[in-house]
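The values are calculated or read from the model by the stated rules, or taken from the named source; none is laboratory data. Source: prediction; values computed, not measured. Here the Cβ is made from the backbone with ideal geometry for all residues, glycine too, and neighbour counts use every protein chain on show. Accessible surface is based on the protein model in full, side chains and every heavy atom, while ligands, DNA and RNA are left aside. Shrake-Rupley method; radii C 1.70, N 1.55, O 1.52, S 1.80 Å.
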Amino acid sequence: MKFYPIMLNIEGKAVVVVGGGLIAYRKITGLLQAGAYITVISPVIHSKIEQLFIENKISWKNKLFEPVDLDSALIVIAATNSEIMNTFVASSAGKHQLVNIVDNPELSTFHVPAKLTRGDLTISVATGGGSPTLSKSIRDELAVIYDDTYGDYLEFLTLSREKVKHSIFDQTIKTKLLKAITNDTYRQSNNMQNAFLELISGYQNMS
């Protein structure tokens with residue numbers, strides 16, 4: 001299978017998670033970070049999921065899954081320990097819905113990659129569902145290369161881009177400036193970052 005990688009904005013979007021165990025919990029935590037509106041369908045839930053429900057971070061339907069539970073969902077995740085139930089969830093989803101069936105890539109329309117975040121920097125590694133373990137191993141290797149300094153560095157790049165965008169330079173020079181600050185010496189030096197921002201600020205909104 002071939003997949004098309006995207007970064008999906010699911011803030012405020014309805015997500016249904018069928019299942020109440022630890023695997024479901026791990027799925028839920030990632031969805032919460034993205035701002036999704038999550039409904040869990042399961043007659044039994046893990047204490048960690050119950051705590052999220054108590055804190056009003058998720059909704060919970062204390063019941064067995066029924067196809068009608070998916071009516072308003074953009075994303076459907078089946079994370080039960082029953083292959084029969086997971087297959088039932090997959091067959092109940094509409095063609096317009098994004099479906100992830102845990103441990104069954106053939107029934108899924110998307111997979112959740114292993115993810116590394118450094119502030120606004122996100123690096124994802126996917127194997128098409130073939131080996132989540134390999135995805136995590138590669139992610140861990142990348143974590144050594146792209147350490148915590150990249151979070152602050154990306155903030156600098158974002159601010160610099162805005163300042164350069166509104167400067168008086170022509171497009172050729174703007175492109176060269178933005179390329180220059182991707183040099184690793186800028187990531188390693190706050191003094192260079194501050195000097196660049198001060199310099200560009202002097203050329204903003206000048207006529």
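Of the residues making up the stretch 5-53, those that are part of a helix (DSSP H, G or I) and either more than 24 Å from ILE123 (Cα to Cα) or aliphatic (A, V, I, L, M) (or both) number 13. Of all residue pairs spaced 6 or more apart or on separate chains, those with beta-carbon atoms under 7 Å, a first member in the stretch 6-22 that is within 14 Å of ALA73 (Cα to Cα) and a second member that is part of a loop (DSSP other than H, G, I, E, B) and modelled with pLDDT under 95 are ILE10/ALA34; GLU11/ALA34; ALA14/SER72. Scanning the stretch 117-134 for residues that are open to solvent by 70 Å² or more (accessible area, probe 1.4 Å) and within 15 Å of ASP147 (Cα to Cα) yields a single hit, ASP120.
Within the stretch 100-113, at least one residue is assigned to a strand (DSSP E or B), touching a Phe, Trp or Tyr at 6+ places or on another chain (Cβ under 7 Å) and either of a type outside the set (Val, Ile, Thr) or closer than 16 Å to TYR4 by Cα (or both). Residue under question is PRO113, and the condition is that it be modelled with pLDDT of 95 or more and not aliphatic (A, V, I, L, M); does it hold? Here the answer is no, as PRO113 does not meet what is asked. Checking each residue in the stretch 83-110 for being within 20 Å of ILE49 (Cβ to Cβ) and open to solvent by 40 Å² or more (accessible area, probe 1.4 Å) picks out MET85, ASP103. Applying the condition of being exposed (fewer than 12 other Cβ atoms within 10 Å of the Cβ) and among the β-branched types (Val, Ile, Thr) to the stretch 11-65 and asking which residue is farthest from the chain's Cα centre (by Cα) yields VAL44. Any residue in the stretch 125-135 that is part of a helix (DSSP H, G or I), closer than 27 Å to ILE28 by Cβ and in contact (Cβ under 8 Å) with a residue 12 or more places away in the chain? Yes; the residues of the stretch 125-135 include at least one that is part of a helix (DSSP H, G or I), closer than 27 Å to ILE28 by Cβ and in contact (Cβ under 8 Å) with a residue 12 or more places away in the chain.
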